[in-house]
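To keep things clear, I will list the structure first and then write my remarks on it.
The values are calculated or read from the model by the stated rules, or taken from the named source; none is laboratory data. On a predicted model such as this, the values are computed, not experimentally measured, just so you know. Because the Cβ atoms are built from the backbone with ideal geometry, glycine has one as well, and the counts that use them run over all protein chains shown. Surface accessibility is based on the protein's heavy atoms, side chains included, excluding ligands, DNA and RNA. Shrake-Rupley method; radii C 1.70, N 1.55, O 1.52, S 1.80 Å.
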Amino acid sequence: MKKVLITGGAGFIAHHIIAHIIKNTDWDIVTLDRLDLSGNLNRLHEILDEFSTKDKKRLKIVFHDLKAEINSQIKSEIGSPDIILHLAAASHVDRSIIYPMEFVLDNVVGTVNLLDFARSLKNLEKFAYFSTDEIFGNAPEGVSYKEYDRYNSTNPYSASKASAEEFCVAYENTYKLPIVITHTMNVFGERQHPEKFIPMTIQRVRDSEKVFIHANKEKTKAGSRHYIHALDVADGLMFILGLKNYKHEGDFGNAKCPKFNLVGPEEINNLDLAQKIAEVQKRELIYELIDNHSSRPGHDLRYSLSPNLLKSLGWEPKIKLSKRIEEVVDWSLKNKRWLS
């Protein structure tokens with residue numbers, strides 16, 4: 001039986017991964033969390049309600065802020081994990097623009113403190129760092145960035161994630177840590193923070209309020225993303241962890257640190273996405289296109305990653321985006337506390 005340490009376990013993506021691991025493995029889980037704006041123990045409470053008492057006991061919660069080193073007491077609480085999944089991060093782009101140093105401390109210093117803990121472990125099998133599509137910056141039409149393309153951070157949040165990613169690569173090279181990195185596109189699903197675009201749009205359509213959609217300067221074209229459901233992220237992650245003796249081949253054949261893009265099944269612009277959310281609710285979409293970059297500096301019109309590497313290895317999301325959207329809209333309307 002394996003033990004996995006998950007940072008930010010009460011966060012949105014991580015709590016879905018915890019549920020997936022409990023459902024599909026016999027692993028014990030330790031989650032490390034400080035419970036800030038992103039963390040919510042109610043997420044863990046709800047998912048654990050779906051499992052037996054025996055399975056519930058497989059999850060242990062340890063409270064710790066990774067801006068501080070993992071001291072001997074916290075190490076004793078964690079034990080010796082076989083796998084570390086590092087999801088804890090400050091992720092609000094607007095806040096990063098106002099308070100960039102917070103993101104350096106949370107995302108860079110926090111990651112290095114965890115890496116230092118990881119290199120003290122004798123039998124660590126994998127350290128998975130969750131990075132983001134935003135490190136590559138805006139993607140022009142027709143461009144989908146591959147795993148090893150150059151960083152082009154356009155805001156302090158993405159710069160902090162890129163910096164932490166580079167520390168992971170350095171710890172692989174210097175200390176031989178078994179690092180793997182994922183670049184995840186815009187994730188959605190049940191129990192997401194209501195400020196995010198999809199739950200916010202669900203709520204505004206329900207209440208007949210205007211939805212503001214970021215667009216180009218001329219306000220003629222909405223921004224687009226490859227949205228991916230958190231359950232598909234969890235499924236893709238387990239596929240990556242199950243790869244045996246994988247070595248990247250190609251332009252960066254000598255790279256020791258494998259990187260993988262976790263990409264949604266299709267690209268969709270935010271206006272079409274909002275229209276889909278309104279259709280599921282059988283309500284009219286009231287919207288306004290707003291100048292994307294002028295109104296929110298540091299926000300890019302289009303992000304796009306290439307899914308081809310994981311596809312070539314045998315993984316891609318199994319459920320269509322439209323079906324996932326329907327599921328999330330229906331669930332959210334029945335669980336309205338998560339929309340407020």
Members of K146/K323; K210/K336; K60/K244 lying beyond 22 Å, as alpha-carbon distances in this model show: K146/K323; K60/K244
Reciprocal of mean inverse Cα separation for the stretch 1-153 (Kirkwood radius, Å): 16.7
Amide proton proximity set for V180, modelled H, under 5 Å, gap of 5+: F127, A128, Y129
Calculated FRET value between D55 and D291, using beta carbons and R₀ = 35 Å, to 0.05: 0.10
Calculated FRET value between V143 and N173, using beta carbons and R₀ = 22 Å, to 0.05: 0.15
The chain, relative contact order in percent, only Cα pairs under 8 angstrom and at least six apart counted: 18
Local electrostatic count, P156, Cβ distance below 12 Å [Lys/Arg +1, Asp/Glu -1]: -2
Eligible aspartates and glutamates near K3 by straight Cα distance, threshold 15 Å, same-chain separation 8 or greater: D26, D28, D55, E77, D82, E125
Accessible-area composition of the chain, carbon plus sulfur, in percent [1.4 Å probe]: 49
Separation in nanometres of the label points that stand 7 Å from Cα toward Cβ, at L35 and I74: 1.6
Accessible area of the chain divided out per residue, in Å², using a probe of 1.4 angstrom: 46
Correct option for P(r) over Cα pairs in 20 Å bins from 0, in percent [calculated from the coordinates] among [x] 30, 57, 12, 0; [y] 31, 61, 9; [z] 27, 62, 10, 0: [y]
Ratio Rg/Rh [Cα only; Rh per Kirkwood] for the stretch 92-217: 1.04
Centre separation in Å (Cα based) which lies between the stretch 1-69 and the stretch 184-232: 26
Contour excess over end-to-end distance, with Cα ends at N42 and S306 and 0.36 nm allotted per residue: 91.6 nm
Within the stretch 188-216, backbone nitrogen closer than 18 Å to the virtual label 7 Å beyond the Cα of K23 toward Cβ: 188-192
At least 15 Å along the helix axis (C-alpha) and Kyte average at least 1.0, DSSP helices within the chain: 230-241
Calculated FRET value between K122 and R337, using beta carbons and R₀ = 41 Å, to 0.05: 0.40
